[in-house]
Amino acid sequence: MEYKRITSKGGVNIPVKLRRSMGIEPRDAIELDVNDRNELVIRAYQARCIYCGSEEIHLKKNGKGVCRACADQLVDEYVKQKRKELA
């Protein structure tokens, strides 16, 4: 178990040994949660589809994720719109 103090700005440094074991790299996003026993839980951030919330990410852009189903739907809608414009 590691012992750390919270900084005056509310930050906590996660030791490199723990980050490596969790697969967290510098500048990665993390999720913070509190469980039923009032313990802080830290997880590597799992990107979710910005449209449906699915964790099955197909495309990522600027930290945002889109699943395959939503990406297909967006492409279909885009193609239909372009066909109308060109007709």
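Taken together, the values in this text are just the output of simple stated rules run on the coordinates, not laboratory data. Every value quoted in this text rests on a predicted model; they were computed, and no experiment measured them. All Cβ positions, even for glycine, are placed from backbone atoms using ideal geometry, and neighbour counts span all protein chains on display.
Compare the Cα positions of Gly53, Leu40, Thr7 along the charge dipole of region 1-55 (+1 at Cβ of Lys, Arg; -1 at Cβ of Asp, Glu; about the Cα centre) and return the one farthest towards the positive end.
Of Gly53, Leu40, Thr7, it is Thr7.
Once the Cα atoms of helix 68-86 and of the chain are each reduced to a long axis, what angle between those two axes, in degrees from 0 to 90 to the nearest 10, is obtained?
So the inclination is approximately 30 degrees.
Any idea what the alpha-carbon Rg over 2.2 N^0.38 Å comes to for the chain?
Relative to the 2.2 N^0.38 Å estimate, the chain comes out at 1.64.
Taking region 46-87 on its own, what percent of its Cα-Cα pair distances exceed 12 Å?
Result: 58 percent of Cα pairs exceed 12 Å.
Tell me the mean residue ellipticity at 222 nm calculated for the chain from its helices only (DSSP H runs of n ≥ 4, each -39500 (n - 2.57), averaged over every residue, nearest 500).
-9500 deg cm²/dmol
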